[in-house]
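The values are calculated or read from the model by the stated rules, or taken from the named source; none is laboratory data. Worth saying up front: this structure is predicted, and the values here are computed from it rather than measured. Cβ: placed from backbone, ideal geometry, glycine included. Neighbour counts: every protein chain shown. With ligands, DNA and RNA removed, areas are computed over all heavy atoms of the protein, side chains included. Shrake-Rupley method; radii C 1.70, N 1.55, O 1.52, S 1.80 Å.
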Amino acid sequence: MICINLLQLLIFFFICLALSFLTVTSSYVIERVQYCNFQKPLYLFPNRLKDAPKASSVHTKSKKPSTFHEFARSTNDAWDIDDEEDDGMFSLKQLSSSPVQSRSMPQTPCLKIIKTPEDTEPLPPTLDRQEPISTNPNQDRLDIESGPANGRVVKSSSDAQLNIFIKYMLILMLNICMVLSCLARNTLQKQQSLPVRPIVPLVARISDQNASGAPPMTVREKTRLDKFKQLLASPNTDLEELRKHSWSGIPREVRPVTWRLLSGYLPANRERRDLVLQRKREEYFGFIEQYYHSRTDENHRDTYRQIHIDIPRTNPLIPLFQQPLVQEVFERILFIWAIRHPASGYVQGINDLVTPFFVVFLSEFVEEDVENFEMASLPLDTQRNIEADSFWCMSKLLDGIQDNYTFAQPGIQIKVKALEELVSRIDEDVHVHFQKCEVEYLQFAFRWMNNLLMRELPLRCTIRLWDTYQAESEGFSHFHLYVCSAFLIKWRKEILSMVDFQSLLMLLQNLPTIHWGNEEVGLLLAEAYRLKYMFADAPSHYKR
């Protein structure tokens, strides 16, 4: 579609160009033809020019040109006048009486423009008036054959010659338009024959490309979905097999229950799942009744205040997260978690970790995309179930990386240092470039570890990334290091093109991933797996 629009613009541009060229050239040809046929010239700068001198009455019989090429040859001398006129740097105050011979009309004198008035002779008397031009259509040929009478200026064949020129220009313009139209039609046919890739909106599309609005599932996708359903329907789900299939992405239809199983929130035994869900959901709302009223107490006031400030900043461009009802859900989840984990408490960045779980569990009850969905339209029990499941799955995730959020955040410090050492082995040029620009890894990678790349990737990509994290053993705590390394090296060309501290840091904090989808995330994960395979079991690779 973009190519078609560009071709349409090119067609419009060539039409405008042809029309402009036609207008300017027509005026120029009229001036030259009239000038060489002793008519009063149509000068471009009439206010700088005196009346033209009277021309010689010597004239010979000339054959009327019948083609554009003959017309061009007959007026060739008119185009060969000195270039000073085109430059606009000379004076048009005096004209020479010296004749210039034409190739096709050897006895037809033309007036030559001269730069300096010192080398010219005095001007002959000017023409006081010009005789009326005949309006007889056949007069042009008679005038040419008989020649001017008594030096009188008569109408020449310039009109017919100009019509021929205009005709050729119009034919050329139409041919250009036809060629461009054919190109546009061929481009459209090629695009229609190619497989269609779904267009993902810039911000709003927070679900993956398998959601509504995407093309129908392929045979391979349908086979994978059937395999997931078969695993989940078995009396005791094989979690290892489920992880194996989940590594390359989980179908949207079965993602909620798969995430609950892989996070450890649900048991593998199918018969026990409903009882566990009921008990855990009741337990969560028991925490709310027990602790949530204490948010205004002096001991917890600062924690609640910070949560209340951070919630509106969570995905501010997605309408779903700006709904007051959704923000209240997030406040309760984060406050209860902070109360139950006093060693770390609430730390900025944890609020982002709730959103993938919330969106995935909400999509279980919403057919369309959820970015503009009204949470209040769901039944109250459904809202409560989504809130409780999000809390427990987030808690399971944070249990594995809690040292990232304790005092001084030692877990993040260790991971950033490991990232620096790993990059120095993977790509020494990038590492040395950071040193030359005096960029510290902690200045950009702290957020990558603290928010698990959620600020660097669209939410739809984060959900796909977490499919693999949940399938990996220690995915959030260990495999994430290799994902960050692969993510950094992916921008190698852009990084090396930045030559100063400010531009390099701005790039690393605003990487252009807004158009990313499942394909880009899949390539990133494949590279991360390769790095893990090469370096995870080789601790000497981390040593200098």
Checked against (1) in a helix (DSSP H, G or I); (2) of a type outside the set (F, W, Y); (3) more than 26 Å from the chain's Cα centre (by Cα), T462 satisfies every condition except (3)
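Results for (1) touching a Cys at 6+ places or on another chain (Cβ under 6 Å); (2) closer than 15 Å to F358 by Cβ; (3) modelled with pLDDT under 95, shown as yes or no for each residue.
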{"residue": "A388", "(1), (2), (3)": "no, yes, no"}
{"residue": "C393", "(1), (2), (3)": "no, yes, no"}
{"residue": "D403", "(1), (2), (3)": "no, no, yes"}
{"residue": "E421", "(1), (2), (3)": "no, no, yes"}
{"residue": "H431", "(1), (2), (3)": "no, no, no"}
Per the list (1) more than 26 Å from the chain's Cα centre (by Cα); (2) outside any helix (DSSP H, G or I), residue check on W516 breaks on (1)
Taking segment 465-501 and keeping residues charged (D, E, K, R) and either under 16 Å from W259 (Cα atoms) or part of a loop (DSSP other than H, G, I, E, B) (or both) leaves D467, E472, E474, D500
How many residues of segment 321-372 are of a type outside the set (F, W, Y), assigned to a helix (DSSP H, G or I) and either open to solvent by less than 20 Å² (accessible area, probe 1.4 Å) or touching a Gly at 6+ places or on another chain (Cβ under 6 Å) (or both)? The answer is 17
ask   = Quick one: would you say I318 is within 29 Å of L378 (Cα to Cα), modelled with pLDDT under 95 and open to solvent by less than 50 Å² (accessible area, probe 1.4 Å)?
value = yes
The residue from N269, N299 that alone is over 22 Å from Q402 (Cβ atoms) and open to solvent by 30 Å² or more (accessible area, probe 1.4 Å) is N269
| said: When you check R447 against the structure, is it more than 22 Å from W259 (Cβ to Cβ), in a helix (DSSP H, G or I), charged (D, E, K, R) and open to solvent by 10 Å² or more (accessible area, probe 1.4 Å), yes or no? | reply: yes
